[in-house]
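To keep things clear, I will list the structure first and then write my remarks on it.
The values are calculated or read from the model by the stated rules, or taken from the named source; none is laboratory data. What you see is a predicted model, and the numbers here were worked out from it, not measured in a lab. Methodologically, a virtual Cβ is constructed for each residue, glycine included, from the backbone with ideal geometry; neighbour enumeration extends over all protein chains shown.
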Amino acid sequence: MMKYKLELERAAEEIKKTQAKNVLLQLPDGLKPRATEIAAFLKEKTGANVFIWLESCWGSCDYPEVK
């Protein structure tokens with residue numbers, strides 16, 4: 001089983017610092033099973049609306065175009 005070191009506290013701090021109201025969460029396929037858990041954590045810590053992007057992700061430079 002692969003373990004990840006997720007910096008969720010750091011992400012929450014950045015969301016609060018920028019006062020983001022909406023956050024789009026993009027994860028690699030290996031973390032998608034934990035997407036709702038991660039989204040719930042960030043919403044609880046920040047109060048932001050957290051949306052989950054379920055399309056494929058090929059790397060950090062592959063960002064979704066949301067219209």
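Counting just the residues of the stretch 18-50 that are in a strand (DSSP E or B) and either charged (D, E, K, R) or modelled with pLDDT under 95 (or both), which one comes out farthest from Lys3 (Cα to Cα)?
Among those that are in a strand (DSSP E or B) and either charged (D, E, K, R) or modelled with pLDDT under 95 (or both), it is Leu24.
Considering only residues that are basic (Lys, Arg) and in contact (Cβ under 8 Å) with a residue 12 or more places away in the chain, look in the stretch 9-30 and name the one that is surrounded by the fewest Cβ atoms within 10 Å (Cβ to Cβ).
The residue in question is Lys21.
Do we find a residue being at pLDDT below 95, more than 14 Å from Ile52 (Cα to Cα) and assigned to a loop (DSSP other than H, G, I, E, B) anywhere in the stretch 7-17?
yes
Taking the stretch 31-44 on its own, how many of its residues are in contact (Cβ under 8 Å) with a residue 24 or more places away in the chain and either farther than 23 Å from Glu55 by Cα or among the aromatic types (Phe, Trp, Tyr) (or both)?
Going through the stretch 31-44 one residue at a time, the tally reaches 1.
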